[in-house]
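A.B. asks: Before I ask anything, here is the structure I am working with.
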Amino acid sequence: MTPYKRTATRSLTPIAEVYEKAISAETFTQTRRDSPYLHVLHLPDDRHRRDAETGEVIGHGETYELAVRDPLTLTEHESEYYPTSSIRELTGSFRLERVLDQVLSRAENDNLPVYKEIHTLRPAHWSDAASWVSCPSCASGSGTIALITDLDADGATFACRECDARIDESDQQRMFNDWLHCPSCNSGDINVECSAPLGSVWWSCDDCLYDTHPAPADLAYGDAREEIPQPTSSANGWQG
Ligand SMILES: [Zn+2]
Ligand SMILES: [Zn+2]
């Protein structure tokens, strides 16, 4: 079983508004502890999937699924406790607008509350090789690059310890174009957070919202996923 990890969280409300899907405020729930609920999941790594009902091709990074989940409880896994919410039913794949239609009809027909957040899930090992910054002169890995900030002067620069390349403060745009790149969408619109006193560095992308903030693995999703039928190979020759 591949464990999946939450790598971004988005509020469902403004997205439903953009698509003009009228999910009433009373339908949303903030808590996942009280009753079964509907949960929209985003699976950006499922690149070659099709709509579960129409067979329509789903674009790169645009796969969503809809889960009916049991209330959240703490369960033990390898002698640690994790918040777990079992999945009773998992449907998909759908693109975003289609998954919102499913949410509306399931909420109404089954009288289920909708959890207000969309979770993006990625295979837990996905971020192991992820690189957010590299030196454009020598293509060194992130291990040899220092972020230098002068907090007084409100400036931040990168310097490469390998080849001494650095950006001066007059050339900040190069930092976003040449040095920084989201491992998910390649955007340079990146935030770096340092978490004192633990000494960790967290990265996040403003464009696709991928982040490395600590988040629990979604163990139940990994289990449920094995139950979803995969698209048949006979569909491969069909171009959408
Ligand atoms: Zn370098
Ligand atoms: Zn990104």
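The values are calculated or read from the model by the stated rules, or taken from the named source; none is laboratory data. Since this is a predicted model, take the numbers as computed values, not measurements. Counting neighbours? That spans all protein chains shown, and the Cβs are built from the backbone with ideal geometry, glycine included. Keep in mind that these areas ignore ligands, DNA and RNA; they rest on the heavy atoms of the full protein, side chains included. Shrake-Rupley method; radii C 1.70, N 1.55, O 1.52, S 1.80 Å.
A.B. asks: For region 61-83, what are the residues that are open to solvent by 20 Å² or more (accessible area, probe 1.4 Å) and either part of a strand (DSSP E or B) or in contact with a Gly (Cβ under 8 Å, 6 or more places away or on another chain) (or both)?
C.D. replies: Thr73, Leu74, Thr75, Glu76, His77, Glu80, Tyr81, Tyr82, Pro83
A.B. asks: Right, something else. So Asn177 fits all but one of (1) within 16 Å of ligand 2 (Cβ to nearest atom); (2) closer than 30 Å to Thr2 by Cβ; (3) loosely packed, with under 15 Cβ neighbours inside 10 Å; (4) not hydrophobic (A, V, I, L, M, F, W, C); what number is the exception?
C.D. replies: Result: Asn177 fails condition (2) only.
A.B. asks: Does any residue in region 83-100 that is in the same structural domain as Leu112 (by TED's automatic domain parsing) come within less than 6 Å, Cβ to Cβ, of a residue that is of a type in the set (Gly, Ala, Ser) and part of a helix (DSSP H, G or I) six or more places away or on a different chain, and which pairs are these?
C.D. replies: Pairs that qualify, where the first residue is in the same structural domain as Leu112 (by TED's automatic domain parsing) and the partner is of a type in the set (Gly, Ala, Ser) and part of a helix (DSSP H, G or I), are Thr84/Ala220; Ser85/Ala220; Ser86/Ala220; Ile87/Ala220; Ile87/Ala224; Leu90/Ala224; Leu100/Ala16.
A.B. asks: Check Ala153, Ala129 and return the single one that is of a type in the set (Gly, Ala, Ser), open to solvent by 30 Å² or more (accessible area, probe 1.4 Å), in contact with a helix residue (DSSP H, G or I) (Cβ under 9 Å, 6 or more places away or on another chain) and modelled with pLDDT under 85.
C.D. replies: Values: Ala129 fails: in contact with a helix residue (DSSP H, G or I) (Cβ under 9 Å, 6 or more places away or on another chain).
Of the residues listed, the single one that is of a type in the set (Gly, Ala, Ser), open to solvent by 30 Å² or more (accessible area, probe 1.4 Å), in contact with a helix residue (DSSP H, G or I) (Cβ under 9 Å, 6 or more places away or on another chain) and modelled with pLDDT under 85 is Ala153.
A.B. asks: Check region 16-35 and report whether any residue there is within 19 Å of the chain's Cα centre (by Cα), more than 23 Å from Arg225 (Cβ to Cβ) and not in a loop (DSSP other than H, G, I, E, B).
C.D. replies: yes
A.B. asks: Okay, moving on. Can Ser184 be described as in contact (Cβ under 8 Å) with a residue 12 or more places away in the chain, closer than 24 Å to Pro14 by Cβ and not assigned by TED's automatic domain parsing to the domain that holds Ile23?
C.D. replies: yes
A.B. asks: Kindly list the number of the only condition in (1) surrounded by fewer than 17 Cβ atoms within 10 Å (Cβ to Cβ); (2) more than 16 Å from ligand 1 (Cβ to nearest atom) that fails for Cys163.
C.D. replies: (2) is the only condition that Cys163 fails.
Conditions (1) farther than 26 Å from Asp211 by Cα; (2) within 16 Å of ligand 2 (Cβ to nearest atom); (3) hydrophobic (A, V, I, L, M, F, W, C), marked per residue:
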| site | (1), (2), (3) |
| --- | --- |
| Pro83 | no, no, no |
| Ser86 | no, no, no |
| Gly92 | no, no, no |
| Arg95 | no, no, no |
| Ser105 | yes, no, no |
| Trp126 | no, yes, yes |
| Pro136 | no, no, no |
| Asp168 | yes, no, no |
